[in-house]
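Asker: Have a look at this one.
The values are calculated or read from the model by the stated rules, or taken from the named source; none is laboratory data. Please read these numbers as outputs of a predicted model, since none were measured by experiment. All Cβ positions, even for glycine, are placed from backbone atoms using ideal geometry, and neighbour counts span all protein chains on display.
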């Protein structure tokens, strides 16, 4: 995930965590997190939980949830693991997070909720959109540009989100 601006200072042991998560080296990730803290973030405040959702490493994601990682942690852009799961169409990861009680309507710095991210990235595959709608996501949450997930779905996909309830 590309971000503008300089990263904040963080523990250098966290620099390789995204690569380890992508490569499914979960034992090494667990070792690093035992030393740095389960919610430790990199220079962009991206925690292992968010990286696990991004790289569809659902085994690690489940372990993080079971070991009390903050399921509503936000990176410096306001993304949560539910946003990341939506962006990468990680349906199982999203289900794990929702079952653990992740908040469905946390907004990022643009005011976009995970439902907005799911709609934007759906490209005809509405499974995550439907999952978030059925989990109680607010269809009419206004972002900073005065647009809602309902409007976005109607505009880009011609879909009425009410039909997904």
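Asker: Hey, does the stretch 75-82 have a residue that's closer than 26 Å to residue 110 by Cβ, in contact (Cβ under 8 Å) with a residue 60 or more places away in the chain and over 11 Å from the mean Cα position of the chain (by Cα)?
Answerer: Yes.
Asker: Pairs needed: first member in the stretch 134-150, surrounded by fewer than 16 Cβ atoms within 10 Å (Cβ to Cβ); second member anywhere, modelled with pLDDT under 95 and in a loop (DSSP other than H, G, I, E, B); C-beta distance under 9 Å; at least 6 residues apart or different chains.
Answerer: Going by the 9 Å Cβ cut-off, the qualifying pairs are 134/165.
Asker: Another question, then. Restricting attention to the stretch 32-43, does a residue exist that is touching a strand residue (DSSP E or B) at 6+ places or on another chain (Cβ under 7 Å) and modelled with pLDDT under 95?
Answerer: Among the residues of the stretch 32-43, at least one is touching a strand residue (DSSP E or B) at 6+ places or on another chain (Cβ under 7 Å) and modelled with pLDDT under 95, which makes the answer yes.
Asker: Considering only the stretch 151-165, state which residues are part of a loop (DSSP other than H, G, I, E, B) and either out of contact with any helix residue (DSSP H, G or I) (no Cβ under 6 Å at 6 or more places or on another chain) or surrounded by fewer than 14 Cβ atoms within 10 Å (Cβ to Cβ) (or both). It would help to see each step written out before you state the result.
Answerer: Of all residues in the stretch 151-165, those part of a loop (DSSP other than H, G, I, E, B) come to 158-160, 165.
Of everything in the stretch 151-165, those that are part of a loop (DSSP other than H, G, I, E, B) and either out of contact with any helix residue (DSSP H, G or I) (no Cβ under 6 Å at 6 or more places or on another chain) or surrounded by fewer than 14 Cβ atoms within 10 Å (Cβ to Cβ) (or both) turn out to be 158, 160, 165.
Asker: Any idea which of (1) closer than 28 Å to residue 66 by Cα; (2) surrounded by fewer than 18 Cβ atoms within 10 Å (Cβ to Cβ); (3) touching a residue at least 12 places away in the same chain (Cβ under 8 Å) is the one residue 99 doesn't satisfy?
Answerer: (3)
Asker: Report yes if some residue within the stretch 57-69 is at pLDDT 95 or above, in a helix (DSSP H, G or I), in the same structural domain as residue 148 (by TED's automatic domain parsing) and buried (at least 22 other Cβ atoms within 10 Å of the Cβ); otherwise report no. Full working, then the answer.
Answerer: Of the residues in the stretch 57-69, the ones at pLDDT 95 or above are 57-69.
Checking the rest, the ones that are also in a helix (DSSP H, G or I) come to 58-66.
The next check asks that each one be in the same structural domain as residue 148 (by TED's automatic domain parsing); those that pass are none.
Taking every residue of the stretch 57-69 in turn, none turns out to be at pLDDT 95 or above, in a helix (DSSP H, G or I), in the same structural domain as residue 148 (by TED's automatic domain parsing) and buried (at least 22 other Cβ atoms within 10 Å of the Cβ).
Asker: Still on this structure: Can you name the residue in the stretch 1-31 that is closer than 17 Å to residue 76 by Cα and outside any loop (DSSP other than H, G, I, E, B) and is also modelled with the highest pLDDT among such residues?
Answerer: Start the filter on the stretch 1-31 by keeping residues that are closer than 17 Å to residue 76 by Cα, which leaves 1-11, 14-15, 18.
Narrowing further to those that are outside any loop (DSSP other than H, G, I, E, B): 14, 18.
Working: 14: 93, 18: 96.
This residue is 18.
Asker: Please work out if residue 21 is within 30 Å of residue 161 (Cα to Cα), out of contact with any strand residue (DSSP E or B) (no Cβ under 7 Å at 6 or more places or on another chain), outside the structural domain of residue 160 (by TED's automatic domain parsing) and surrounded by 19 or more Cβ atoms within 10 Å (Cβ to Cβ). Quick ask: steps written out before the conclusion?
Answerer: Working: within 30 Å of residue 161 (Cα to Cα): no; out of contact with any strand residue (DSSP E or B) (no Cβ under 7 Å at 6 or more places or on another chain): yes; outside the structural domain of residue 160 (by TED's automatic domain parsing): yes; surrounded by 19 or more Cβ atoms within 10 Å (Cβ to Cβ): yes.
No; evaluated as a whole, the condition is false for this residue.
The rows are residues; the columns are (1) outside the structural domain of residue 47 (by TED's automatic domain parsing); (2) in a loop (DSSP other than H, G, I, E, B); (3) crowded, with 18+ Cβ neighbours inside 10 Å.
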{"position": "72", "(1), (2), (3)": "no, yes, no"}
{"position": "79", "(1), (2), (3)": "no, yes, yes"}
{"position": "83", "(1), (2), (3)": "no, no, yes"}
{"position": "112", "(1), (2), (3)": "yes, yes, yes"}
{"position": "117", "(1), (2), (3)": "yes, no, yes"}
{"position": "120", "(1), (2), (3)": "yes, no, no"}
